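The values are calculated or read from the model by the stated rules, or taken from the named source; none is laboratory data. Predicted, not measured: the structure shown is a model, and the values here were computed from it. Neighbour counts run over all protein chains shown; Cβ positions are idealised from the backbone, glycine included. Remember, those area values only see protein heavy atoms, side chains included, never the ligands or the DNA or RNA. Shrake-Rupley method; radii C 1.70, N 1.55, O 1.52, S 1.80 Å.
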Amino acid sequence: MPPLAAKGAARLGAHREAAAHLAAALRYGSSLAVAIRAELLEHHAQESSLANQIRESIASARAAVASWREVGNVEAQSRVLRLLAQEYRTVGDKAGADECVTSAVALLEALPRGAALAMAYSARSLLALHRGWNQEALEFGRRALELARELGDRAAESHALCQIGGALLGTGERSGYQPLDQSLALALEQRLEDQAARAYRTLAFYAGLIHDFARAQRAFQEGVEYCEERGIFSHSAYIRAFYTACILDRGEWTEAARMATELLRSSEVTGVQQRITVMATLAVVRLRRGDPGADELLDQAFGLAIPTSEVSRIARVAAARAEQAWYRGSLADVAREAAIGLVHVHGHATPWLHGELLFWQSRATPARADCGRGCGTVPAHARGRVAGRGQRVGTHRHAV
């Protein structure tokens with residue numbers, strides 16, 4: 001069991017303090033039984049994750065998996081691997097995230113079906129959702145939901161509904177709000193704080209993506225307040241980072257730049273995905289204003305985005321680089337950058353991401369201006385404001 005001080009701190013939302021108490025216990029716990037040490041390591045990984053201490057979370061989670069393996073607890077191994085997959089994803093380790101989530105599922109599929117398997121399916125759905133692989137997210141989310149409801153497991157049900165809702169919104173289906181709202185309501189009812197924070201985060205992201213600005217603002221305000229009251233800084237950092245792009249979409253360039261600059265200077269934004277989003281937001285403002293420093297930001301963001309294989313990150317940066325090329329008057333570079341993004345979104349049902357990239361492709365190659373259903377997802381004010389080379393574009397950046 002965790003030390004009493006750590007349990008008390010966690011209960012009060014002081015996850016950084018809880019992680020510190022657990023770290024102290026582990027320093028003097030070398031003589032503990034393996035199962036007890038495994039439990040301490042797992043709790044430390046969880047508390048460190050909530051406190052946005054990602055490297056510490058990864059180290060303890062890796063050690064916890066090894067300890068649970070030593071005592072033969074398969075369900076515990078899968079549970080920690082689910083956490084580890086998300087932490088690897090946050091630091092941009094795609095291979096590590098893939099290996100963990102695959103193992104989390106494989107460990108349990110040979111055993112009787114239970115709630116742990118539902119959570120493992122949902123973890124795979126979550127990883128796919130983060131990458132913009134919406135069809136895979138729906139497939140595994142629905143598997144998780146079916147099993148969760150069969151077993152009456154409300155936590156697994158809330159987790160699965162969150163991914164299903166996000167994936168539906170990502171494919172352009174506003175019906176995705178219903179499962180997302182259900183996920184949040186269940187999490188709040190059951191006092192599942194991490195899951196409630198994730199639901200707020202998902203709502204904020206997808207409402208911004210589809211330009212439902214009123215909904216995005218509400219999710220941002222409620223989500224940040226909920227997370228920070230409970231010390232869940234990992235999720236509040238994501239919500240803040242995503243919201244910079246939403247502010248930019250609304251045309252509030254000054255506020256978007258201010259918020260992005262503050263986040264880049266803070267210790268709060270540690271995840272690769274957060275930094276890509278904030279860098280791209282600030283770079284686009286600088287591009288449109290003709291301010292210096294945009295090129296360096298986009299180069300850094302591109303270098304971070306490509307290894308993740310996350311469609312949302314790559315498409316966002318590719319579209320920004322196409323806009324950058326437009327201002328330089330290089331149609332060949334506009335076409336090349338749009339093509340980079342389109343290669344990565346190909347085969348994925350992501351109309352909002354396709355739409356902006358196809359918009360830029362149509363600017364560079366007018367003969368291909370008919371871009372089908374995808375261009376319908378680009379706001380009219382974006383399609384109408386690119387009148388000539390070097391002219392600044394309107395507020396069409398989407399929040400990914």
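Positive-end ranking of 344, 357, 106 along the dipole of the chain, with charges on Cβ about the Cα centre, is headed by 357. With respect to the chain, whose longest principal axis is taken over its alpha-carbon atoms, helix 115-130 is tilted by about 20°. Working note: 222 nm ellipticity from helices only, DSSP H runs with n ≥ 4, each -39,500 (n - 2.57), summed and divided by the residues of the chain, gives -24500 deg cm²/dmol to the nearest 500.
Placing +1 on the Cβ of every Lys and Arg and -1 on the Cβ of every Asp and Glu, with no other charges, gives the stretch 102-157 a dipole of roughly 80 debye about its Cα centre. Estimated at 0.36 nm per residue, the fully extended path between residue 346 and residue 289 surpasses their Cα-Cα distance by 17.3 nm. When nucleic acids and ligands are ignored and a 1.4 Å probe is applied, residue 200 ends up with an accessible area of around 20 Å².
Using equal-weight Cα scatterers in the Debye expression, the normalised intensity of the stretch 126-226 in log10 at q = 0.22 Å⁻¹ is -1.10. About its Cα centre, the stretch 17-100 has a charge dipole of approximately 100 debye under the convention of +1 per Lys or Arg Cβ and -1 per Asp or Glu Cβ, with nothing else charged. Distance from the Cα centroid of the stretch 155-230 to that of the stretch 269-313 is 25 Å (rounded to whole angstrom). Residue 164 contributes an accessible area of around 10 Å² to the protein surface, as traced by a 1.4 Å probe with all chains present.
Site-free segments of the chain were taken between trypsin sites (Lys or Arg not before Pro) in DSSP loops having at most 15 other Cβ atoms within 10 Å, sites themselves excluded; the longest one is 192-384. When you restrict to C-alpha pairs under 8 Å that are six or more residues apart and normalise by the size of the chain, the relative contact order lands at 12 percent.
Net charge dipole, the stretch 234-349: roughly 60 debye, given to the nearest 20, about the Cα centre with Cβ charges of +1 for Lys and Arg and -1 for Asp and Glu.
Rounded to the nearest 10 degrees, the inclination of helix 294-305 to the longest alpha-carbon principal axis of the chain is 40 degrees.
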